[in-house]
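See below for the structure under consideration.
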Amino acid sequence: MKPVAVLDSSVVVAGIGWRGGEAREVLRLLALRRFVSARTSWLTAEWAETVERVAHEEKRWRNGNWRGWLDWLSYASVPFREIPIRVTVRRDPKDDPVVMSAVATRTQFMVAYDPDLLDLEKPYGIAGVTPRKFLSIVRQSRSTV
Amino acid sequence: MSTVAEIKTAFKQLPEREQWKLAEWIQETLASFETLDTDGARGREPVSAVVSIVRKVKRERREAGRRS
């Protein structure tokens, strides 16, 4: 069975903005349908807002086509409804919506660079993993379709 | 529908025409990625700078959500 993952905004921003890193490789595997990316409306809005902010604030940003990328990512990800729950995250409550999205979509993985998400390890049974770890997991899975 | 197994089951139950549409979506997704893949800065992402801005945006969104 293919892995199902929620992509944290940190990975989305990095994958859109830089083409030589592990986050871009995650997006490449998504294009190849090696895993299923799940999204909710909150998460989709957060992706858009964070990419726009980084595009404006980070001097090393070089992708003028970030809107096209966001359209692609939304199109390539499977939309799910939000679920009305309140989740308390031990170290960093700001990430509740990401955890909530993962719970709502019954995702196996949250792929993130944010240490606060990664330190949670397995909230609600969802594994918080770095892009590097996730790439390794996806490459080991041999599922097709 | 909320798991890959359910998605696969639903796919198999689709009429042939709908299966074809889904296959087209997969092809389109890959083709459009190939045109995008040259975008972006060379090299690896500056992780700490990215995480810093992303955290700030998340905090602001959360605070805005509380106020509304």
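Throughout, read-outs are computed from the coordinates displayed, never taken from laboratory work. Because the structure is a prediction, the values reported are computed rather than measured. Heads up, the Cβs are rebuilt from the backbone with ideal geometry, glycines too, and the neighbour counts pull from every protein chain shown.
General observations
- Straight-line cross-link reach from residue A:2 at under 18 Å between alpha-carbon atoms covers these aspartates and glutamates, not counting any fewer than eight positions away in the same chain: A:25, B:6.
- Peptide A:15-22 has a mean shielding of 6, counted as Cβ atoms of other protein chains within 10 Å of each residue's Cβ.
- Label-point gap, in nm, between residue B:27 and residue B:68 - each point 7 angstrom along Cα→Cβ: 4.0
- Pairwise label distance in nanometres, residue B:42 with residue A:52, each label 7 Å out on the Cα-Cβ vector: 3.2
- Other protein chain C-beta atoms within 10 Å of residue C-beta, averaged over B:24-35: 4.
- Simple point charges give the picture: +1 on the Cβ of Lys and Arg, -1 on the Cβ of Asp and Glu, and for the range A:4-140 a dipole about the Cα centre of about 520 debye.
- Count Lys and Arg as plus one, Asp and Glu as minus one, and take only other residues whose Cβ is under 14 Å from that of residue B:41; the net charge is then +3.
- The P(r) of the protein assembly as shown has a tail past 22 Å containing 47 percent of all C-alpha pairs.
- Label-to-label distance, nm, for residues given as residue B:13 and residue B:35 (7 Å Cα→Cβ offset): 3.5
- Exposure proxy ranking, count of Cβ atoms within 10 Å, fewest first, for A:107, A:40, A:130: A:130, A:40, A:107
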